[in-house]
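Before any comments, here is the structure.
The values are calculated or read from the model by the stated rules, or taken from the named source; none is laboratory data. It should be emphasised that the depicted structure is a prediction, and the values quoted were computed from it without experimental measurement. Note that we place each Cβ from the backbone using ideal geometry, even for glycine, and neighbour counts take in every protein chain shown. Just the protein is used for accessible areas: all its heavy atoms, side chains included, with ligands, DNA and RNA removed. Shrake-Rupley method; radii C 1.70, N 1.55, O 1.52, S 1.80 Å.
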Amino acid sequence: MKVVLFCGGFGLRLRDYSEKVPKPMGTIGPQPILWNIMKYYAHHGHKDFILCLGYKADVIKNYFLTYNECLSNDFVLNGDGTEAVPLNSDIRDWRITFVDTGMDSNIGMRLLRVKKYLEGEAMFLAHYADTLTDAPLNDWITLFEQQNKVASFMSVNPNLSLHTVTVQDDYSVASIDPVRDSGLLVNGGYFVFRRAIFDHINDGEELVEEPFQRLIRKGQLMAHPYKGFWATMDTFKDRQRLEELYLSGHAPWQVWKDEEPQHVAAAASD
């Protein structure tokens with residue numbers, strides 16, 4: 001199943017960082033968040049990507065054009081140093097389509113501009129390219145396939161340090177509670193669409209505004225609540241938290257770490 005990744009925004013809340021690189025190229029450990037997101041989808045068997053580019057598209061293109069698998073995998077170097085052979089593969093079996101979808105386009109516009117690259121796809125996946133999760137993706141897809149709906153998205157409790165406030169008629173405060181305990185759900189940025197989504201988007205519209213409102217009125221929009229790990233890299237503080245998780249050796253989104261290395265599996269079968 002193809003995966004559309006929205007990689008073209010300015011990332012204004014990461015301004016100090018995003019003036020140098022686009023938001024999806026913000027690093028967690030040695031690799032950008034975009035790589036981590038793509039590894040998550042590839043782990044679940046979805047390796048055909050469409051990147052909706054815009055701001056600093058050249059940085060994303062150059063990253064993949066010059067990607068060296070030896071830098072993120074064990075490898076063998078021959079005696080004279082002229083050939084390095086990776087023992088594992090990161091992206092060798094990925095297919096990536098790079099599409100310029102405009103500097104100032106919103107998400108709905110970017111999706112419309114890659115419509116032609118989704119010809120023949122009854123369903124496809126999409127993602128904002130700035131959030132991470134350990135959710136069982138294919139279970140969610142299977143659930144969606146069983147429903148006669150046009151679209152579904154992951155809904156999550158927001159990871160915010162804000163509080164909700166309940167005020168009484170006399171303006172006295174009845175309670176102050178953490179947002180995470182309020183039961184509030186927000187759009188987690190992971191989508192599954194049927195091709196019919198394009199029948200509900202007009203040019204210039206933001207995806208979750210007019211198109212999703214139409215789907216709601218027709219009973220064609222699902223939300224998949226998830227209470228496991230979910231995190232966004234929306235601010236510099238968010239990036240620091242994800243970096244700390246990576247350095248601690250506990251990065252829940254790296255579900256592919258449970259996979260047996262290919263060279264170990266090969267050796268076991270010899």
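Quick look at the numbers
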quantity: Subset of segment 1-27 [at pLDDT 95 or above and crowded, with 21+ Cβ neighbours inside 10 Å]; calculated: 3, 4, 5, 6
quantity: Positions within segment 97-137 being under 29 Å from residue 256 (Cα atoms), assigned to a helix (DSSP H, G or I) and in contact with a helix residue (DSSP H, G or I) (Cβ under 8 Å, 6 or more places away or on another chain), in sequence order; calculated: 111, 118, 137
quantity: Looking only at segment 141-181, and only at residues there that are touching a Gly at 6+ places or on another chain (Cβ under 9 Å) and open to solvent by 40 Å² or more (accessible area, probe 1.4 Å), the one that is nearest to residue 232 (Cα to Cα); calculated: 157
quantity: Residue within segment 185-197 that is outside any loop (DSSP other than H, G, I, E, B), open to solvent by 40 Å² or more (accessible area, probe 1.4 Å) and modelled with pLDDT of 95 or more present; calculated: yes
quantity: Residue within segment 223-238 that is polar (S, T, N, Q), part of a helix (DSSP H, G or I), open to solvent by 40 Å² or more (accessible area, probe 1.4 Å) and at pLDDT below 95 present; calculated: no
quantity: Some residue of segment 57-71 being open to solvent by 30 Å² or more (accessible area, probe 1.4 Å), among the hydroxyl-bearing types (Ser, Thr, Tyr), in a loop (DSSP other than H, G, I, E, B) and more than 20 Å from residue 22 (Cβ to Cβ); calculated: no
quantity: Residues located in segment 198-213, provided they are over 10 Å from residue 153 (Cβ atoms), open to solvent by less than 60 Å² (accessible area, probe 1.4 Å) and out of contact with any Gly (no Cβ under 9 Å at 6 or more places or on another chain); calculated: 198, 200
